[in-house]
Amino acid sequence: MAKARPASPKESGSANLLLAVVLLTAFAGLSALSSAYIAGYVLDQLQSTDALVMIVTDAGLKSDSVDLERDMSTATLALKSVRDLGWALAVGCFGVGVAVFLRSRRPSVS
């Protein structure tokens, strides 16, 4: 029975960096899909023909249609979630970029 050789720090560092890039890519794809879905929903709500009168107040939008008022509140929350997804993705990309830069600047140990 042969003993398994422990992974060197260089191999484990590369594996961790690859895992970070794969996870960030997956998150970016999901974020893009959800952003496209949310943007489509908001555009549909803005083009609704049900709205006869809409008033913007300090408390939010007021309309003659309760359903439209609720939909516009949901659309506003959806836009906020897209903004938050964008910030989270930007921070993740920045972190992986810094890790890749630091990894490329480190002298290789052979």
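The values are calculated or read from the model by the stated rules, or taken from the named source; none is laboratory data. Nothing here was measured: the structure is a model prediction, and the numbers come from that model. Every residue, glycine as well, gets a Cβ built from its backbone with ideal geometry; the counts of neighbours run over all protein chains shown. What goes into the accessible areas is simple: the full protein's heavy atoms, side chains included, and nothing from ligands, DNA or RNA. Shrake-Rupley method; radii C 1.70, N 1.55, O 1.52, S 1.80 Å.
Table: residues versus (1) modelled with pLDDT of 85 or more; (2) more than 20 Å from Tyr37 (Cα to Cα); (3) part of a helix (DSSP H, G or I).
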{"site": "Met72", "(1), (2), (3)": "no, no, yes"}
{"site": "Ala75", "(1), (2), (3)": "no, no, yes"}
{"site": "Leu79", "(1), (2), (3)": "no, no, yes"}
{"site": "Asp84", "(1), (2), (3)": "yes, no, yes"}
{"site": "Leu89", "(1), (2), (3)": "no, no, yes"}
{"site": "Cys93", "(1), (2), (3)": "no, yes, yes"}
{"site": "Val96", "(1), (2), (3)": "no, yes, yes"}
{"site": "Ser108", "(1), (2), (3)": "no, yes, no"}
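Among the residues of the range 92-110, just one is open to solvent by 100 Å² or more (accessible area, probe 1.4 Å) and under 21 Å from the mean Cα position of the chain (by Cα), namely Phe94.
Filtering Ser35, Ser8 for residues that are open to solvent by less than 70 Å² (accessible area, probe 1.4 Å), under 28 Å from Gly97 (Cβ atoms) and modelled with pLDDT of 75 or more leaves a single hit, Ser35.
Screening the range 65-110 for residues that are of a type in the set (Ser, Thr, Tyr) and free of Cβ contacts under 8 Å to residues at least 12 places away in the same chain and picking the one that is farthest from Tyr41 (Cα to Cα) gives Ser110.
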